[in-house]
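Derivation of every value follows stated rules applied to the coordinates shown; laboratory data play no part. As the structure is a prediction and not an experimental result, all values here were calculated from the model. Because the Cβ atoms are built from the backbone with ideal geometry, glycine has one as well, and the counts that use them run over all protein chains shown.
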Amino acid sequence: MGEWVRLCGVAEAPGTDEVMEAEALTREGRGVPICLANVEGTLSAIGNVCPHRQGPLGGGWVEEGKVLCPWHAWAFDVTTGEAAAPERGRVEVYPVKVEGEDVLVEIEVAGGEDDVEG
Ligand code: FES
């Protein structure tokens, strides 16, 4: 079960083959660090924290269809979140949609037992 939250405005979103750091704020006030990437014209959202040494993926760049970490250049596939071999690691992949002027991402709601207040 997920919750769609606003990440940024369409106008602030990265241009083709650019990335940016952003934070999705859930209704319960939890901040989720996101790397918003525009790979060949398509927006994707993955976790911003590199599994290698916690580098900020949204501070990196796009190369050959992958997001590269700015610290040691591990390359991440934005559809699977997997690091390219020989590295091993994975970041979360979040569904993205554009609604009007807003870019939204779907964040899993922890627990899921309690009803989220409307
Ligand atoms: S911290 Fe990302 S590649 Fe090392």
* Asked: Percentage of Cα-Cα pair distances in the chain greater than 17 Å, rounded to whole percent?
  -> 52 percent
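Less than 13 Å Cβ to Cβ from GLU99, Lys/Arg counted +1 and Asp/Glu -1: what total charge do the surrounding residues give?
On the way: positive: ARG6, LYS97; negative: GLU101, ASP102, GLU106.
It works out to a net charge of -1.
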* Considering the stretch 19-67, what Rg and Dmax in Å follow from its alpha-carbon atoms? -> 11.3, 37
* **Amide proton proximity set for TRP61, modelled H, under 5 Å, gap of 5+** => LEU68
* Along the principal axes of its C-alpha atoms, what lengths does the stretch 52-96 span, in descending order and rounded to whole Å? -> 26, 21, 21
